[in-house]
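K.L.:
What follows is a structure written as structure tokens; I'll ask about it next.
No lab work stands behind these numbers, since they all come straight from the coordinates. A quick note: this is a predicted structure, and the numbers were derived from the prediction, not measured. Neighbour counts run over all protein chains shown; Cβ positions are idealised from the backbone, glycine included.
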Ligand SMILES: Nc1ncnc2c1ncn2[C@@H]1O[C@H](COP(=O)(O)OP(=O)(O)OP(=O)(O)O)[C@@H](O)[C@H]1O
Ligand SMILES: [Mg+2]
């Protein structure tokens, strides 16, 4: 089942095409990785999914209905979003950063707290971190807090834009494992943007290769790997280390 649908979606910035006539669906409960070079349109695509950008043309459906831009904040509560640098509030401690959305939406305090504890343990953050401030955390710890914050309302969709790009390999590998574990425990549609092929191959169920705002190939990871649809995808896959 597709939880997100694009139909002939194009986007231009100042008349210049960033995405051209994209039609595709994003499968529920799977990890879809969007990969492509810098400037290929990955972040634009993600921001169209959560309504931060209204496309110049085309139809976007999320949760089986066209995005309604006049009530977009309500929809966005159901879409977790995590970017590099995490966007944590520096003047709030870890607890308040994560619990923020629960408070805004007046979710019961004990519901928020139970979920917060569960999420922190899933990403291996000790309870003692709750009273710490972002500046007291390493980059990896901050990224983990960012994931907990995005997941506090248990959103059916989770978008990640190069969220792990600034981390060292060991930390990135740990967080990858935590994300996969979380996906096992509470599956959702994850759309992850990266330019790191190894990350894509490790995490993806489905892979979309973007270049110059056009889909070069989209399908099961194995299908893309074993059956690259054109020279661009073939060359792109050559970056693989092994
Ligand atoms: N706010 C904006 N105003 C004008 N042009 C933009 C804007 N945002 C992106 N672009 C342009 O649109 C194209 C796609 O940008 P986008 O950020 O979606 O690419 P990306 O694949 O995420 O790149 P990266 O890997 O570097 O993050 C680029 O040519 C970029 O310069
Ligand atoms: Mg980007």
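K.L.:
To test your reading of the geometry: what angle, between 0 and 90 degrees and rounded to tens, separates the Cα axis of helix 139-151 from the longest principal axis of the chain?
P.N.:
90
K.L.:
Antiparallel versus total DSSP beta bridges in region 86-242: what percent is that, nearest 5? Don't skip to the end; give the middle numbers.
P.N.:
On the way: 6 of 11 bridges.
Roughly 55 percent of the beta bridges in region 86-242 run antiparallel, per DSSP.
K.L.:
Roughly how many Å is it from the Cα centre of region 1-77 to that of region 166-242, as a whole number?
P.N.:
18
K.L.:
Same structure, new question: Angle between the Cα long axis of helix 109-122 and the longest principal axis of the chain, 0 to 90 degrees, nearest 10?
P.N.:
Once rounded, one gets 60 degrees.
K.L.:
Order these peptides, 125-136, 89-100, by their mean beta-carbon neighbour count within 10 angstrom, highest first.
P.N.:
Working: 125-136: 14.0, 89-100: 17.7.
Sorting 125-136, 89-100 by mean packing, highest first, produces 89-100, 125-136.
K.L.:
Taking only Cα atoms, what is the 0 to 90° angle, nearest 10, from helix 94-104's long axis to the longest principal axis of the chain?
P.N.:
The angle comes out at about 80 degrees.
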